[in-house]
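Chemist: Structure provided below as structure tokens; questions to follow.
The values are calculated or read from the model by the stated rules, or taken from the named source; none is laboratory data. Everything quoted here is computed from the prediction, not taken from an experiment. Cβ atoms come from the backbone with ideal geometry, glycine included; neighbour counts cover every protein chain shown. Each accessible area value is taken on the protein alone, full model and side chains, heavy atoms only, with ligands, DNA and RNA left out. Shrake-Rupley method; radii C 1.70, N 1.55, O 1.52, S 1.80 Å.
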Amino acid sequence: FSNSPINSRPMHARASVMGLRRDGSEFPLEVTIAKINLGQTTEMTAILRDISERARLVEELKVAATTDPLTGIANRRRFDELVKQEVQRCQRFGHTMSLLLLDIDHFKQVNDTHGHETGDRVLKMVAQTLKHNLRTTDAIARWGGEEFLAILEGVTEKTLAATADKLRMLVANSYLTEKDSELRVTISIGATLVRPLDTPDSLVSRADTLLYRSKAEGRDRVTFEP
């Protein structure tokens, strides 16, 4: 940049660095440099701009774009990214991964009987029950409506059905207090393992087929297929 033939111009590239405040806290800075050639002398001027507010807004937008606003868990867009990454990782390194598609049974009846506000509370309860009983290496997302998807890393065929049934039982044993009574719901689950030739779409489609079987066979159950 200093040896370029132009005598006076700002540098096109901007650098993001971390600044250090007097109190020892760090904050994001953007650095731009301009030069002025004065005869045989080249002067450089650096402008440092505190971009804390911009960085905060960018982070907020990022979270909003990948989070379901009602339940606070990942949304479908974020899950599409995660499942694609995990399928590729499994195929590349030979790792195992399980996918669960979960659906709240008779959710329309909950809305029709108790109202949509109660329905929203049920969605939050189920989401938090699932989230708090998965490992930090797992992922849970709201797929849409009353459906949720979960990725379980490293879960084998031997333990997948048991893990899925544990989640089913945890939801069945949870409840909301509604007009001095307990409101309980159940979930149906389709569970499967990733296969060598799977794509994200084929994996989700298989889980969806298994979920449909759980629904058809009476609900509040897990249908598993390796």
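Chemist: Would you confirm, using the coordinates I've provided, whether residue 148 is among the aromatic types (Phe, Trp, Tyr) and either within 19 Å of residue 191 (Cα to Cα) or open to solvent by less than 70 Å² (accessible area, probe 1.4 Å) (or both)?
Modeler: For residue 148, the condition - among the aromatic types (Phe, Trp, Tyr) and either within 19 Å of residue 191 (Cα to Cα) or open to solvent by less than 70 Å² (accessible area, probe 1.4 Å) (or both) - is met.
Chemist: Report whether or not residue 134 is part of a loop (DSSP other than H, G, I, E, B), closer than 16 Å to residue 150 by Cβ, among the aliphatic types (A, V, I, L, M) and out of contact with any helix residue (DSSP H, G or I) (no Cβ under 6 Å at 6 or more places or on another chain).
Modeler: Yes: the conditions hold for residue 134.
Chemist: Filter the stretch 166-202 down to the residues that are over 21 Å from the mean Cα position of the chain (by Cα), more than 14 Å from residue 103 (Cα to Cα) and of a type in the set (Gly, Ala, Ser) and list them by number.
Modeler: 174, 181
Chemist: Considering each of 9, 22, 54, 49 in turn, give the residue that is in a loop (DSSP other than H, G, I, E, B) and over 30 Å from residue 222 (Cα atoms).
Modeler: Result: 22 is the single residue among 9, 22, 54, 49 that is in a loop (DSSP other than H, G, I, E, B) and over 30 Å from residue 222 (Cα atoms).
Chemist: Condition first: among the acidic types (Asp, Glu) and in a strand (DSSP E or B). Now tell me which residues in the stretch 159-183 satisfy that.
Modeler: Of everything in the stretch 159-183, those that are among the acidic types (Asp, Glu) and in a strand (DSSP E or B) turn out to be 178, 182.
Chemist: Still on this structure, please answer the following. Can we say residue 205 is hydroxyl-bearing (Ser, Thr, Tyr), within 23 Å of the chain's Cα centre (by Cα) and open to solvent by 60 Å² or more (accessible area, probe 1.4 Å)?
Modeler: yes
Chemist: Kindly check whether there is at least one residue in the stretch 119-129 that is within 22 Å of residue 83 (Cβ to Cβ) and of a type in the set (S, T, N, Q).
Modeler: yes
Chemist: Output the number of residues of the stretch 64-102 satisfying the condition of being of a type in the set (Val, Ile, Thr), touching a residue at least 24 places away in the same chain (Cβ under 8 Å), more than 21 Å from residue 187 (Cβ to Cβ) and not in a loop (DSSP other than H, G, I, E, B).
Modeler: Matching residues across the stretch 64-102 total 1.
Chemist: Next question. State yes or no: is residue 32 open to solvent by less than 40 Å² (accessible area, probe 1.4 Å), closer than 21 Å to residue 124 by Cβ and not in a helix (DSSP H, G or I)?
Modeler: No.
Chemist: List every residue pair whose Cβ atoms lie under 8 Å apart, where the two residues are 6 or more positions apart in sequence or sit on different chains, the first residue falls within the stretch 112-134 and is on the phi < 0 side of the Ramachandran plot and surrounded by 13 or more Cβ atoms within 10 Å (Cβ to Cβ), and the second residue, located anywhere, is among the charged types (D, E, K, R) and part of a helix (DSSP H, G or I).
Modeler: Note: pairs meeting the criteria are 133/166.
Chemist: Can you give me the number of residues within the stretch 207-219 that are free of Cβ contacts under 8 Å to residues at least 24 places away in the same chain and in a helix (DSSP H, G or I)?
Modeler: Looking only at that region, the number is 4.
Chemist: Moving to a separate point now. Is it the case that the stretch 162-178 has a residue that's open to solvent by less than 80 Å² (accessible area, probe 1.4 Å), closer than 21 Å to residue 69 by Cβ and small (Gly, Ala, Ser)?
Modeler: Within the stretch 162-178, none of the residues are open to solvent by less than 80 Å² (accessible area, probe 1.4 Å), closer than 21 Å to residue 69 by Cβ and small (Gly, Ala, Ser).
Chemist: Looking at the stretch 214-226, which of its residues are surrounded by 15 or more Cβ atoms within 10 Å (Cβ to Cβ) and within 9 Å of residue 189 (Cα to Cα)?
Modeler: Once the filter is applied, which keeps residues that are surrounded by 15 or more Cβ atoms within 10 Å (Cβ to Cβ) and within 9 Å of residue 189 (Cα to Cα), the stretch 214-226 yields 214, 215, 220, 221, 222, 223, 224.
Chemist: Considering only the stretch 14-29, how many residues are surrounded by 15 or more Cβ atoms within 10 Å (Cβ to Cβ) and aliphatic (A, V, I, L, M)?
Modeler: Number satisfying all stated conditions: 1.
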